[in-house]
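These notes concern the structure reproduced below.
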Amino acid sequence: MKHAVRKLLLASALGVALIGSASASTLVVAQNFDPQTLWPNGTTASDNLNAGSAIVEALFWVDPNGEVFKPLLATGYELESDTSVIVRLREGVSFTNGEPMNADAVIHSFNIFIDTSKTPAYARVSDPFESIEKIDDYTVRMRLKYPYPPLRLALSQMYITPPGYWNEVGLEAFGLRPIGTGPFVFESWARDDRLVMSLNADYWGEGPDGITELVWRPVPDEIARAAGLMTGEFDIAASLPVAAALEIDARPDLSMVPVPSYRIYQMILSSLEEHVSPLQDRTVRQAMNYAVDKDAIIEYLLFGYGVPLRGQVLREPQLGFNPDLEDYPFDPDRARALLAEAGYPNGFNLDFKCPSGRYAQDREVCEAVAGMLADVGVQTNMIILEPGEFLRQLRASELWPLAYVGLAPQDDPDLQVSQYHSTWRYSYIRNAELDRLIDTGRQEMDVEKRAEIYRDAMALMREEAPIIFLFGGVDFYGTSDRVANFNARGDGRFFFYGVSATR
Amino acid sequence: MLRYVARRLLLTLPVFVGILFISFLLTHLSGDPTDLILTPDTPDHVREEFRRRHGLDQPFLVQFYQFCIRALQGDFGNSLRFNQPALELVFERLGATAELALAAMFLAIAVGIPAGVVAAYRRNTPIDLGVRAVSLFGLAVPSFYLGVVLIFVFAVWLRWFPSGGRGTWMHLVLPAVVLAVDQLALIARTTRSCMLDVLNQDYVRTARSKGLGEGWVVWGHALRNAFIPVLTVIGLQFGILLGGVVVTETVFSWPGVGRLAVQAIYARDFPVVQATVFLFAVIFVIVNLIVDLLYAVLDPRIGYK
């Protein structure tokens, strides 16, 4: 009898406990790939970083809402000189294994960051950094090899790892089971299936509200990602195709979040001396710009989800965007006139390289442009490339004379514009004046002067027309109505600070 | 029998070497993986370091030689993307692929063989035509399309099954059905044509005249005699399934070997491609050997020395 009563009490206690835990909230996020490593400085792929940075935090971060640079594990920085930076760290923060987050941890992480054999993915960003020294437990001084205007970008990519644990398990093991200061803690990881994180109850800051468990699901098929959102299996789905995005927008219990991407879609018009073609003539390149109806492409191929480029590769929120520029209007008559002026009254023939499956709608955009060019007499011979081969040719400067590409460098005007510098590995333009502007802008620490330099560079680029300016891309995310305040950056990055979940 | 098995296994060694060489050759011909794994703006000295570390700067034959030496010790190298041993990555996912393959095969056999038998027995009746029509449909419909349709009907609309991933038996149903449809078609047709042959034989008539029940004649005698070609088909198909069915695994986000293989191919992750190809070859050879041994069980006339 007593035995039975005890059993009953245990059962009801268990029942209560279960009901209690049922109010715990699990959020499921579907991305394209399973992370290769959860150490954020292991790769630059956003799928890896989104998951990894929920556990391991950086010195600063850039909030998708308004692209605002904010303190995180550091509270601020000051330039002592053009090549010396003082960084102040946040006090009272610990890693979830008890190790303190302080100058020692930052020095340890910094030294790994600048070691290109350990961190090859960030080699370009870490190049300007020379050394670091401790001033006190919560202040460090970083020395640079040269003045570096995109300093903020670099500081927001320096992720801080616990030295004790890191030295104990090593780089690879850390990436499989990381420990950090972030709002979530690693729980379990069934590769290619699900990655589970639980809430860090001792998180130093304001973590996400109402989320006790975060589950990451790699779903490679974009239609399956959309389907899972519709069935309620996922609360957040990344990288949705535009058709699915429209469908999701129409449903009352789901939201579609369009995010202007950092990716700038353009047609390479090679003017290099060794790439002999009519495109070496600036008038011809300008004619090509007049020949393409960019608004029509955005309207009909992208369902309106494309950002018109104002005749430049910098986006409106970026430093150096030139508000006085406009894109070449769609004017096929003008195009034909210019071609005749350049000596091609009957047009000419051209090879046109296009990737298939590398970007959304890549073939469709290429076919549309090919049709528009044919209208003004430019016959194109389309060569379709598989993504791997396309990337190889991009790297080897073989994408000439005409090719479709979507370039997405990190968010700094220098990184965006220096892709058109004559020394850049796959630049298809050599212009001394543009080079000069880029070189000056790269070293100019004064923000206003820098902005003016890039505005001039944009005006020059518009005239020289080294590319056909097409459009800025848009990324689509879907969320269920359980999720509030979700937003993402144009580089595919999203965070859980300030995100809340109901139920 | 044991000597037969030993001799067969010995004959597989040149097969494996050949496969290793061809897969090595083809993947390396496809291009340099460095550009796909490191971002395009990586400085040159970092790229060179990466290539040196992974032996990519050596001449082709030197790379192959080094690879063979290590492979003999079970080391296929580290994945270029994951920094984990390639073979380990494959083994992690083998269980998932095996689970899916077994479920699909089970479904295909359970439905396909009876369907084939009945179709043969009731030749040229509506049942026979029905079986043949459904088989044709199954072979003709691409698995990608069928998968997406099933997801939208049974997951999104009816909410009976999850839309993807692996977990409970419910996650297994839709992908197994997609795979089974293809296999089923093949098994049903093979069973049917073999049964048609056998049902005309003298010994079937003899069995009937001996007074054996029809069920025993058809399922006991005829099927057993017709079974060898069907077993061959089952064996071959099972071997293929174990290699990982890329499209189905991708559509249903099933964490199997096929998905790993295709992602590795796109990324030119040589060690993983090598490991997958090699493992697939081993599995295929073993499955074929088992099928051959089963012949002896089924048909006492076949003996191996």
Exercise. Does B:Leu29 satisfy being over 25 Å from A:Thr116 (Cα atoms), within 14 Å of chain A (Cβ to nearest Cβ) and surrounded by fewer than 13 Cβ atoms within 10 Å (Cβ to Cβ)?
Worked result: yes
Exercise. How about segment A:89-106: which of its residues are in contact (Cβ under 8 Å) with a residue 24 or more places away in the chain and surrounded by fewer than 17 Cβ atoms within 10 Å (Cβ to Cβ)?
Worked result: A:Glu91, A:Gly92, A:Ser94, A:Asn97, A:Asp104
For this session: Considering only residues that are free of Cβ contacts under 8 Å to residues at least 24 places away in the same chain and more than 10 Å from chain A (Cβ to nearest Cβ), look in segment B:143-153 and name the one that is farthest from B:Val247 (Cα to Cα).
Result: B:Val153
Exercise. Is it the case that segment A:337-354 has a residue that's assigned to a loop (DSSP other than H, G, I, E, B) and charged (D, E, K, R)?
Worked result: no
For this session: Return only the number of the condition from (1) of a type outside the set (Asp, Glu); (2) crowded, with 16+ Cβ neighbours inside 10 Å; (3) within 25 Å of the chain's Cα centre (by Cα); (4) more than 10 Å from chain A (Cβ to nearest Cβ) that B:Leu72 does not satisfy.
Result: (2)
Seminar exercise, completed: Reported set for segment A:180-203 where residues are closer than 17 Å to A:Ile107 by Cα and among the β-branched types (Val, Ile, Thr) is A:Thr181
Problem set entry | Unique match (being more than 23 Å from the chain's Cα centre (by Cα), surrounded by fewer than 17 Cβ atoms within 10 Å (Cβ to Cβ) and away from every other protein chain (no Cβ under 11 Å)) among B:Arg159, B:Arg205 | B:Arg205
For this session: Determine if segment B:280-295 includes at least one residue that is touching a residue at least 24 places away in the same chain (Cβ under 8 Å), surrounded by fewer than 23 Cβ atoms within 10 Å (Cβ to Cβ), within 11 Å of another protein chain (Cβ to nearest Cβ) and not charged (D, E, K, R).
Result: no
For this session: Could you check, for segment A:33-54, whether at least one of its residues is more than 14 Å from chain B (Cβ to nearest Cβ), surrounded by fewer than 22 Cβ atoms within 10 Å (Cβ to Cβ) and either of a type in the set (Gly, Ala, Ser) or touching a helix residue (DSSP H, G or I) at 6+ places or on another chain (Cβ under 8 Å) (or both)?
Result: no
For this session: Go through segment A:280-298 and count every residue that is assigned to a helix (DSSP H, G or I), over 30 Å from the mean Cα position of the chain (by Cα) and farther than 17 Å from A:Asp333 by Cβ.
Result: 2
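Considering only residues of segment A:440-451 that are in a helix (DSSP H, G or I) and in contact (Cβ under 8 Å) with a residue 12 or more places away in the chain, which is surrounded by the most Cβ atoms within 10 Å (Cβ to Cβ)?
Filtering segment A:440-451 for residues that are in a helix (DSSP H, G or I) and in contact (Cβ under 8 Å) with a residue 12 or more places away in the chain, the one surrounded by the most Cβ atoms within 10 Å (Cβ to Cβ) comes out as A:Gly441.
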Seminar exercise, completed: Going through (1) buried (at least 21 other Cβ atoms within 10 Å of the Cβ); (2) within 24 Å of the chain's Cα centre (by Cα); (3) of a type outside the set (S, T, N, Q) one by one, A:Val85 fails only at (2)
Seminar exercise, completed: Picked from segment B:251-290 (must be of a type in the set (Phe, Trp, Tyr) and farther than 18 Å from B:Glu99 by Cα), the residue modelled with the lowest pLDDT is B:Tyr266
Problem set entry | Condition met for B:Ala176 (away from chain A (no Cβ under 14 Å), under 24 Å from the mean Cα position of the chain (by Cα) and surrounded by 16 or more Cβ atoms within 10 Å (Cβ to Cβ)) | yes
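Can you name every one of the helices (runs of 4 or more DSSP H) wholly within segment B:195-263 that holds 2 or more residues which are in contact (Cβ under 8 Å) with a residue 40 or more places away in the chain and out of contact with any Leu (no Cβ under 6 Å at 6 or more places or on another chain)?
B:223-242, B:246-251
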Problem set entry | Qualifying residue in segment A:465-487 (condition: of a type in the set (Val, Ile, Thr) and assigned to a helix (DSSP H, G or I)) | no
Exercise. Are there any helices (runs of 4 or more DSSP H) wholly within segment A:28-140 with 1 or more residues that are in contact with a Gly (Cβ under 7 Å, 6 or more places away or on another chain), and if so which?
Worked result: A:46-52
For this session: Could you list, in sequence order, all residues of segment A:375-426 that are among the aliphatic types (A, V, I, L, M), farther than 29 Å from A:Arg152 by Cα and in a strand (DSSP E or B)?
Result: A:Val378, A:Met382, A:Ile383, A:Ile384, A:Leu385, A:Leu402, A:Ala403
Seminar exercise, completed: Only one of A:Leu240, A:Leu199, A:Leu254 is closer than 19 Å to A:Arg358 by Cβ and touching an Asp or Glu at 6+ places or on another chain (Cβ under 8 Å), namely A:Leu240
Problem set entry | Enumeration of residues in segment B:32-50 that are facing another protein chain (nearest Cβ under 8 Å) and in a loop (DSSP other than H, G, I, E, B) | B:Asp32, B:Leu38, B:Thr39, B:Pro40, B:Asp41, B:Thr42, B:Pro43
Problem set entry | Of residues in segment A:489-502 being modelled with pLDDT under 95 and assigned to a strand (DSSP E or B), the one surrounded by the fewest Cβ atoms within 10 Å (Cβ to Cβ) | A:Ser500
Exercise. Quick one: which of B:Phe16, B:Phe24, B:Phe106, B:Phe91 is in a helix (DSSP H, G or I), out of contact with any Lys or Arg (no Cβ under 7 Å at 6 or more places or on another chain) and within 14 Å of another protein chain (Cβ to nearest Cβ)?
Worked result: B:Phe91
Exercise. Hey, among the residues in segment A:89-145 that are hydrophobic (A, V, I, L, M, F, W, C) and over 18 Å from A:Ser156 (Cα atoms), which one's farthest from the other protein chains (Cβ to nearest Cβ)?
Worked result: A:Ile135
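The values are calculated or read from the model by the stated rules, or taken from the named source; none is laboratory data. Predicted model, so just to flag it, every value in this text is computed and none were measured. For neighbour counting, all protein chains shown are included, and Cβ atoms are generated from backbone atoms with ideal geometry for every residue, glycine included.
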